[in-house]
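Here the structure comes first, spelled out in structure tokens, and everything after it is commentary.
None of the figures in this text is laboratory data; all of them are computed from the coordinates on show. Please read all numbers here as calculations on a predicted model, not as lab measurements. Counting neighbours? That spans all protein chains shown, and the Cβs are built from the backbone with ideal geometry, glycine included.
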Amino acid sequence: MFKKFIKALHKDENGQSFIEYGLVLILVTLALVVSTRSLATDGIGPKYTSIKTELQNVTVPSLN
């Protein structure tokens, strides 16, 4: 009985594509998280800091 169950489980491929799609989704999500963190620390973050510094150093002329 146990051998029949194992053989039937081994031949059953109904959930295989679901698991494969799940693994692909996990890998894509992981890639997005890693790339987003990399952009925040190496790309976009320092640029916004530079822009913020430049804007703080701007002097606005008086209208009087």
**Prompt:** For the chain, what is the calculated [θ] at 222 nm in deg cm²/dmol (nearest 500), taking -39500 (n - 2.57) for each run of four or more DSSP H residues and dividing by its residue count?
**Reply:** -23500 deg cm²/dmol
**Request:** At 7 Å along the Cα-to-beta-carbon direction for both THR36 and SER17, put a label point, then send me their distance in nm to one decimal.
**Result:** 2.9 nm
**Request:** State, to one decimal in nm, how far the label point of ILE44 lies from the label point of MET1, with both points 7 Å from Cα in the Cβ direction.
**Result:** 5.9 nm
**Request:** On each of the three principal axes of the Cα atoms of the chain, give max minus min coordinate, whole Å, ordered largest first.
**Result:** 95, 21, 14
**Asked** Cα axis of helix 16-38 to longest principal axis of the chain: angle in degrees, 0 to 90, nearest 10?
**Response** 20 degrees
**Prompt:** In a shell of Cβ-Cβ distance under 13 Å around GLY45, excluding GLY45 itself, what net charge do Lys and Arg (+1) and Asp and Glu (-1) give?
**Reply:** +2
